[in-house]
Amino acid sequence: MPHALHTDPLHGFIEAPLPDDLRHEIETTLDGFGFRFGPALIRKHPAGCDAIVDASWFENPSASSQQTKSSARQMHRLLMYFHRPDATLPQFEIIPRIGLITRVLSASAGILGLPMLDLPDEPEFMRRYMIVTANPESVRTLLDRPAIDALIEARDLRIKSTDVGIIAMRAIKHSRSRRKTDDAAPRDDFERMIIDATLACMAFTDDPEAVRRAADAVPGSFTEEAVQTLMRTGGMIGAEMRKRLVPQSAVDALRDQPPPRSKIDPSIRRCAWGVTRFPMLITGAFALWFPAIGVGLLLSTATVPNAIAIGTILLVVGVGATIAFLLLLRHRLIRQHIVRRGIVVPASIKTIERTDTIINDERIHRVKFRPEGPRQSSEEMLIIRIGASYLDRARRIRREKAITWILQDPAKPRRALWPEGWVLEVE
């Protein structure tokens, strides 16, 4: 296991700028905003690289990008990121049972439908940590004896996994920038974190056999295991999953049906334009009633206190609601038109960019597609926005350099949708 047991925990690390791809992966995994990174230490690894960096960010679990920093919780952590771009890891988070937020999260797990892994044979470990994962059987296989013992010894190490790497993090009082002092305590804090993270994550990052066993723990892919787990778990997350679930067969039928398409599967309609229904009902009601009440107050001959001011405010709100309704209607009609009359175009995924926009509690990512085929320009790029639920599929397709397909508006080629990105189950 490379580097893991060297007597110097910083053996092989060199100070270097944090690469853009690692920065992107860290920001995507932690899903906050206002990230700031200190000097980074980088170490090459046969399967990728390891990075150590001080980071600060504001937690942003469900707020819009307009949320002010004063109302968000700021985090300061030392991160050790084990980047393994060619690995395929199950997703999980190991959270120390420390603090009020963790206790609230544990108590509300059933209502939310938060998928948890229990290890009944490890009472000491379960007293110290909670494991959040939709891949319980796969992660159970990964958590071998050394990993569990290392986490028990570490006490407060937080670990978060994605498909291409592991982040271990801890709040420490002193960063590496203070190691030049003669005080031994800061050195111990920093190096203790590196040792704990390395020992705890060895089974995930340096043992291909363990990763293979995790992949073989259940039939099908990690994605299938996650979907089935969330469907069984129930709660709010399970209900949302059922609404978003689009079978591969429905997407294949859409692709194979020539335009104009008349038979659109309900799951396709929900993903393509169904999300506009509730906002249109709200804005439509505001657009209908507020201007009427406002005009009534302005024209009223009765003595109503502040009638002109209240009527003007209601009128302005009603006009704003009307504009919002028309914009939503336009968005809905555009997507309906693409689904029904769009042309199927093979495409490859070139880049995936994280944005600060959050819609329906999901961070939006901007995906750049390059249409493939003899009629397509090699420089042409199309940008399609997707929610975080569909990010893993996009990352996998990009990593495998596979060809997917998009629906392109024949009249306005810059408009396109990615129906394959809506699939959360693999049949």
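Quick notes on this structure:
- The criterion of at least 3 residues that are free of Cβ contacts under 8 Å to residues at least 60 places away in the same chain and among the basic types (Lys, Arg) is met, among strands (runs of 3 or more DSSP E) falling completely within region 312-427, by 362-371.
- Condition met for Lys401 (closer than 25 Å to Ser221 by Cβ and surrounded by fewer than 17 Cβ atoms within 10 Å (Cβ to Cβ)): yes
- Listed conditions (1) closer than 15 Å to Trp422 by Cβ; (2) surrounded by 14 or more Cβ atoms within 10 Å (Cβ to Cβ); (3) of a type in the set (Ser, Thr, Tyr) are all met by Thr276, apart from (1).
- Subset tally (residues that are outside the structural domain of Met169 (by TED's automatic domain parsing), at pLDDT below 80 and aliphatic (A, V, I, L, M)) for region 194-240: 6
- Of all residues in region 34-76, those satisfying the criterion of being touching a helix residue (DSSP H, G or I) at 6+ places or on another chain (Cβ under 9 Å), at pLDDT 90 or above and charged (D, E, K, R) are Asp50, Asp54.
- Within region 23-59, tally of residues that are surrounded by fewer than 17 Cβ atoms within 10 Å (Cβ to Cβ) and polar (S, T, N, Q): 1
- The selection criterion, being at pLDDT below 90, more than 24 Å from Phe278 (Cβ to Cβ) and surrounded by 13 or more Cβ atoms within 10 Å (Cβ to Cβ), does not hold for Arg370.
- In region 270-288, the qualifying residues are those that are assigned to a helix (DSSP H, G or I) and touching a residue at least 60 places away in the same chain (Cβ under 8 Å), and the one that is farthest from Ile323 (Cα to Cα) is Cys271.
- Some residue of region 4-22 being surrounded by 14 or more Cβ atoms within 10 Å (Cβ to Cβ) and either modelled with pLDDT under 80 or farther than 26 Å from Ile195 by Cβ (or both): yes
- Enumeration of residues in region 20-44 that are under 18 Å from Met75 (Cβ atoms) and of a type in the set (Asp, Glu): Glu25, Glu27, Asp31
The values are calculated or read from the model by the stated rules, or taken from the named source; none is laboratory data. Quick caveat, the model's predicted, so the values are computed rather than measured. Neighbour counts run over all protein chains shown; Cβ positions are idealised from the backbone, glycine included.
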